[in-house]
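Read-outs: derived from the displayed coordinates by stated rules, not from any lab. Computed from a predicted structure; not experimentally measured. Quick reminder, even Gly has a Cβ in these numbers, built from the backbone with ideal geometry, and neighbours come from all protein chains shown.
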Amino acid sequence: MAAAGGDSSGRGESGKGSERGKNIKTAVQLEGVSKRFGYFFALKSVSLSVKVGEFVALLGPNGAGKTTLIKIIATQMKPTAGTVKIFGENAFQNSSKTAELRHEIGLVAHESFLYDELTVRENLAFYAKLFSLNKARERFRGSYESCEGCGSSWEETLSELVEFLNLGRWLDVKAKHLSYGLRKRADIARALIHRPSLVLLDEPFGGLDESSRELLAEYFKCFKGKTLILSSHSYEWAKRVCERGILLERGEVKQEICL
């Protein structure tokens, strides 16, 4: 399913990532990527390509290598062998390049990246500052809530995310008090707060009730100007969002399919 219109948070085409996307046709390029843990190969010579603006699902059973692949694309894990290019740049060429590319990536992993003792609003302000929206000044004045220096795009992005993900009632609730589904939604907001060009979602529908899955599927379909890669063992939910699937089995790419 191709990405449709809509102008919600994280879906605009502003920022350095969008400028890069105008000139680069390939968002992700992997060549011969392997990952070994001791004697066990989680990935075996994986090669794949994802175009800018494409929505792709990594499919396969548990243990197929989906999470490892997502982490490598997110630059959170270095491959044992092979080349990873993000928007034409070698992701692991050096630490400064890796850090630069991370500003283009929004990752929602199995584990939550929210701080338990901070409210949803404070968490989002913290991550907005971490990614230096609008090249903001390097310190807050007062609480995280004000996000001093984050600029007007912080307020706009926060408002759009909160509205579409229906988080308004829980903005001032500490993350540790959120249900699993609400925390997942807040983590998605956290991953999109800096308007990344590449969005990576590791099993985004897992553990959610039907209504939460529906909400997220509709939200993802409305992305504009983004490249999205999600992992899932559910063909049906992946089909709701993505246009192409890559089937992994025991760390290898077995086939590519149209969804």
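Per-structure values
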quantity: Taking Lys221, Lys254, Lys129 and counting other C-beta atoms within 10 Å, the order from fewest to most; calculated: Lys254, Lys221, Lys129
quantity: Neighbourhood net charge (10 Å Cβ-Cβ; Lys/Arg +1, Asp/Glu -1) for Ala64; calculated: +1
